[in-house]
Amino acid sequence: MKTGQTASIERYTGTAIVLHWVLAIAIITVFAVGLRIGAMPFSPAKLQLINWHKWAGVTILLLSALRLIWRLTHRPPALPAAIEQGMPGWQRVAYHAVHHLMYVFFFAVPLLGWAYSSAKGFPIVWFGVVPLPDLVAKNAELADTLKALHGLAAFGLMGLVTLHMAAALKHHFIDRDGLLQRMRPGRT
Ligand code: HEM
Ligand code: HEM
């Protein structure tokens, strides 16, 4: 199918589209901040950035919960038959697997970060206002493991996101099948 035939493509709901783009920007930004923190020497500026990283990460966790609830109650439109038939079997499997796995990581990454913070003995006060419960008791050994797992999971998520973006851009620029219309910001 070529671009001219894309006018009738059914789109995700406005709420799903807003959540997609807000979270896309937030997750990439928080990932970059995480990398920056890792490279900084110990300083008050680093501690402040860690706090912002945690607050933003918890916000991503909450928005992801909202997104999942919305997703379960508002099924996205089925892929147009022409796009679906144009995909070899492995691509169809990869399409669903990457979407599902990204959702798993949207929860795993911030929860591991939160658990790491608890194990390290730093309680989280969200934006300096809302105290959050500790997920695990203070434990230096566990903290080291959770720190490594949080970093690994964050890189895993970015790997999936990279595959996802490459696939979305391939559909747009190479296949020109209008798939991007389904998630494009704007009304029509
Ligand atoms: C989707 C959300 C998040 C992403 C993408 C993310 C990503 C990252 C990355 C890439 C690092 C650097 C890892 C490394 O150096 O190997 C990091 C470190 C860290 N993250 Fe997150 N993170 C997220 C959420 C959270 C949350 C919710 C918390 C805690 C409430 C948190 C706490 C931390 C802490 C304490 C560090 C270590 C800083 C240090 O001492 O070097 N993160 N994060
Ligand atoms: C160049 C940037 C991006 C483009 C062009 C893009 C495009 C799209 C498109 C077109 C869809 C709908 C696929 C369909 O029709 O079924 C989609 C879905 C999705 N995108 Fe992206 N995306 C981008 C970045 C991101 C990022 C950074 C994330 C995560 C951090 C993300 C997470 C998702 C998820 C989880 C879905 C599945 C939504 C659902 O079915 O609930 N995307 N994206």
Loop sites in the stretch 153-188: trypsin sites (Lys or Arg not before Pro), DSSP, at most 16 other Cβ within 10 Å:
Arg176, Arg187
Could you point to the residue in Asn51, Met165, Ala137 farthest towards the positive end of the stretch 48-188's charge dipole, with +1 and -1 charges on the Cβ of Lys/Arg and Asp/Glu respectively?
Met165
Accessible area of the stretch 1-85 divided out per residue, in Å², using a probe of 1.4 angstrom:
61 Å²
At 1.4 Å probe size, with the rest of the protein present, what percent of the exposed accessible area of the stretch 67-188 is carbon and sulfur atoms?
70 percent
Specify the inter-centroid distance of the stretch 18-61 and the stretch 74-115, based on alpha-carbon positions, in whole Å.
24 Å
Rounded to the nearest 20 Debye, what is the dipole magnitude of the stretch 22-118 about its Cα centre when Lys and Arg each give +1 and Asp and Glu each give -1 at the C-beta?
120 debye
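About the Cα centre, and with charges only on the beta carbon of Lys, Arg (+1) and Asp, Glu (-1), how big is the dipole of the chain? Nearest 20 debye, please. Don't skip to the end; give the middle numbers.
On the way: 17 positive and 7 negative charges, 74 e Å.
Dipole magnitude for the chain comes out near 360 debye.
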Given R₀ = 35 Å, FRET efficiency for Gln48-Ile174 by Cβ-Cβ distance, to 0.05?
0.20
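The values are calculated or read from the model by the stated rules, or taken from the named source; none is laboratory data. Note that this is a predicted model, so its numbers are computed, not measured. When we count neighbours, we look across all protein chains shown, and the Cβ atoms used for this are built from the backbone with ideal geometry, even at glycine. We work out accessible area using only protein heavy atoms, side chains counted, and drop any ligands, DNA or RNA first. Shrake-Rupley method; radii C 1.70, N 1.55, O 1.52, S 1.80 Å.
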